[in-house]
Amino acid sequence: MNLRFITSRQNEVYRFLKALTETHTRRKHGAFLLEGANFVAEALEDEAWAILTIALTPEFAETERGKAIVSKAQQKRIPVVLMAPALFDEISATETPQGIIAAIRQPRKERLESLRVPTVATVTVLEGLQDPSNVGAIVRVADAVGALAVLYTKGTADPYAPKAVRASAGSLLHVPVLPVNSVGEALEWLRANNFQIVSTVPKGGLCVFEAEFANRVAVLVGNEAHGLSEEAKHSADLLVTIPIVGKAESLNVAVATGVVLYEILRRRLQ
């Protein structure tokens, strides 16, 4: 296992990986960071085409898991380097890094207009969510329920930020996550494709467990503090609310989105 050992901040691999910790350079390079042995191993199995390079600390590279990942990567001709722990820590977004990180190509941006919409489809629209962990968690649950796509408006946290990537648990590679300029642009496309527009509101909507859902459903969720815009609420075919019978004032937006998406899936599985 003869791997190049990177100890300098001037090294091109270090500089590339470091650049991917920033939003504007992630967009420039069309890539993001995926950290953790499980996620990198899964990407090697299922999405090897997307891996640009893998960096490991010498300590992790000597573990059985590390050796297996290096061997698999070399079989697939993916560049692998060792990196000094001090440099690795400057790239890692976790408090206790496992010692492995990969640069991943962002999935090719499909144009919204080119999405092929099946007879039964679910789309989730994120309007102004601020917490990247919530964005990633919603991408994960959208993937789990077989959603067609996740759309996100300007002002929403970057879905390729390290916290979002970690919360998505690899689902960013499975479900299209597409930017839209505004909720109005999303609504225009959804209307043209005969989606039922379902906006989530904390109070005053129809109980989600009593609502009727169409074959094509778009679930709109809003900012953690302020919720959906008036445009998103007024344009809806249906406003739904999740009942709370305990003393909690509200649900986390990712949890609430999961409840709505799984209620839609439950109906379809009946």
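The values are calculated or read from the model by the stated rules, or taken from the named source; none is laboratory data. Computed from a prediction, not measured in an experiment: that's the story for all the values here. Every residue, glycine as well, gets a Cβ built from its backbone with ideal geometry; the counts of neighbours run over all protein chains shown. When the accessible area is computed, the model is the full protein with side chains, heavy atoms only, and any ligands, DNA or RNA have been set aside. Shrake-Rupley method; radii C 1.70, N 1.55, O 1.52, S 1.80 Å.
Electrostatic bookkeeping for Thr122 treats Lys and Arg as +1 and Asp and Glu as -1; over the other residues with beta carbon under 10 Å from its beta carbon, the sum is +2. Mean silhouette area of the stretch 1-147, derived from the convex hull of its C-alpha atoms and averaged over all directions, reads 10.5 nm².
Of the listed residues Lys233, Lys247, the order by accessible area with a 1.4 Å probe, largest first, is Lys247, Lys233. Here the alpha carbons of the stretch 75-149 define both size measures, Rg and Dmax, at 17.6, 52 Å. Working note: Cα atoms of the chain, range along each principal axis, descending, whole Å: 61, 42, 36.
Calculated mean residue ellipticity at 222 nm for the chain: -10500 deg cm²/dmol, from DSSP H runs with n ≥ 4 weighted as -39500 (n - 2.57), summed, divided by the residue count and rounded to 500. Computed on protein heavy atoms with a 1.4 Å probe, the accessible areas place Arg4, Arg216 in the order Arg4, Arg216, largest first.
For Trp49, the solvent-accessible surface computed with a 1.4 Å probe is close to 140 Å², ligands and nucleic acids excluded. Please identify, among Ile244, Ile197, Ile54, the residue showing maximal mean-square fluctuation in a Gaussian network model of the chain using a 10 angstrom Cα cutoff. Comparing Ile244, Ile197, Ile54 in the GNM, the peak value goes to Ile244.
When the Gaussian network model of the chain links Cα atoms closer than 10 Å, the mean-square fluctuations of Glu12, Glu59, Glu95 top out at Glu95.
Please state the shape class of the stretch 99-252: rounded when a/c is under 1.5, otherwise prolate if a/b exceeds b/c and oblate if not, all from the C-alpha gyration tensor. Here the stretch 99-252 falls in the oblate category. His29 contributes about 80 Å² of solvent-accessible surface, heavy atoms of the protein only, 1.4 Å probe.
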